[in-house]
1. What do you reckon, is ALA228 out of contact with any Phe, Trp or Tyr (no Cβ under 6 Å at 6 or more places or on another chain) and in contact (Cβ under 8 Å) with a residue 12 or more places away in the chain?
2. Is the stretch 140-161 home to any residue that is hydrophobic (A, V, I, L, M, F, W, C), in contact with a helix residue (DSSP H, G or I) (Cβ under 6 Å, 6 or more places away or on another chain) and assigned to a loop (DSSP other than H, G, I, E, B)?
3. Please work out which one of (1) modelled with pLDDT of 95 or more; (2) of a type outside the set (Gly, Ala, Ser); (3) within 30 Å of VAL272 (Cβ to Cβ) is the condition ARG98 fails and give its number.
4. For the stretch 247-306, what are the residues that are acidic (Asp, Glu), surrounded by fewer than 20 Cβ atoms within 10 Å (Cβ to Cβ) and within 25 Å of ALA106 (Cβ to Cβ)?
5. Being closer than 18 Å to ILE160 by Cβ and among the β-branched types (Val, Ile, Thr) is the filter here, so list the residues in the stretch 120-142 that pass it.
6. Would you mind finding the one in ASP23, ASP39 that is over 22 Å from the mean Cα position of the chain (by Cα), in a loop (DSSP other than H, G, I, E, B) and not assigned by TED's automatic domain parsing to the domain that holds PHE255?
7. Suppose we filter the stretch 80-126 for residues that are in contact with a strand residue (DSSP E or B) (Cβ under 9 Å, 6 or more places away or on another chain) and either assigned to a loop (DSSP other than H, G, I, E, B) or under 30 Å from GLN301 (Cα atoms) (or both); how many remain?
Amino acid sequence: METLFIDCGPQLEKVFRRVHRADDPPVAVNAQSQLQAADLPRLLDGYAICIDDHSYMPTEQIAQCKELRHIVFCGTGASSYMDVPALAGLGVTVHTYRGYGDTAVAEHTIALMFACARDIALSDRKVRGGVWGPLEGVQLLGKILGVVGLGGIGREVARIGAGIGMTVVGWNRTPRPDAGVTQVPIEELLERADVISLNLSLTDETRGFLDATRVARIKPGAILVNTARGALVDEAALIEALASGRIGRAGLDVFHAEPIKPHHPLARLDNVTLSPHAAFRTPEASENLLRRALDIVRTVQGYPPA
């Protein structure tokens, strides 16, 4: 079975060349990282396996890829980019995996939290624009950090938060006695936390998890950080809460549609700090990410374990 890495941009290609071993299955590489859906049938012609970093895979186009049987999605969030059950109906299996970059994502979460607390991005824009006006920030020592989702990333966020002197509370869909975090009902977490970190996986149950009702329960002036998935949050309710100042600041690495457009309301709010879905982008995490993808390709093709 032939394999194509369909969106291995220049940055990832260097990592891929490091982790692809001589005894791995051959993998063709398309170095174009931004794809048009209409190009998918042409690009995937003749390939049974596709490695997908973060490209959308619309069902209509994938239905035209007659030889495709497997999509190896780099990470956990395939549901943000494709209709997994619909693809299964076409005979295409979507493979995902977790745990490749928990520390990288958690550190980015904390970085966004600090950037929001001290208005780093806004200050940078002002200084570059010739405006010298120090902004008053938020001191995080002693503040309450609410971690929503206590998987590997959430637990790492909690560990770092506690290490800088924050009081950490958490919530998980099922209790996690091993998390080492005081767990409270989600409503209590939203009402008490000075900083909220979203670390849930996106599923049918969690899509729209932070709906308008829950957004309204967030403590006035709180900081919201989302390095998980944009679709966890009611975007319209979030924009309204940020524009009104009810939510003090937000640090966002993920969005409903990516890449986010320059004219998008979230990109025009001064109390929002943005990054381009980059939380997991470290050399260590990227190597783990691509090695895990290649291991799945090995299994699909019947190669012995690496």
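1. Yes: the conditions hold for ALA228.
2. Looking through the stretch 140-161, at least one residue is hydrophobic (A, V, I, L, M, F, W, C), in contact with a helix residue (DSSP H, G or I) (Cβ under 6 Å, 6 or more places away or on another chain) and assigned to a loop (DSSP other than H, G, I, E, B).
3. Only one criterion in (1) modelled with pLDDT of 95 or more; (2) of a type outside the set (Gly, Ala, Ser); (3) within 30 Å of VAL272 (Cβ to Cβ) is unmet by ARG98, namely (1).
4. Hits for the stretch 247-306 are GLU258, GLU284, GLU287, ASP295.
5. Matches in the stretch 120-142: ILE120, VAL138.
6. The conditions single out ASP23.
7. Number satisfying all stated conditions: 12.
Quick grid of which residues meet (1) in contact with a helix residue (DSSP H, G or I) (Cβ under 9 Å, 6 or more places away or on another chain); (2) among the charged types (D, E, K, R); (3) farther than 18 Å from VAL15 by Cα:
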position	(1), (2), (3)
VAL29	yes, no, no
GLN32	yes, no, no
LEU40	yes, no, yes
LEU44	yes, no, yes
TYR47	no, no, yes
ASP53	yes, yes, no
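The values are calculated or read from the model by the stated rules, or taken from the named source; none is laboratory data. Note that this is a predicted model, so its numbers are computed, not measured. Neighbour counts are summed over all protein chains in view; Cβ atoms, including those assigned to glycine, are modelled from backbone coordinates with ideal geometry.
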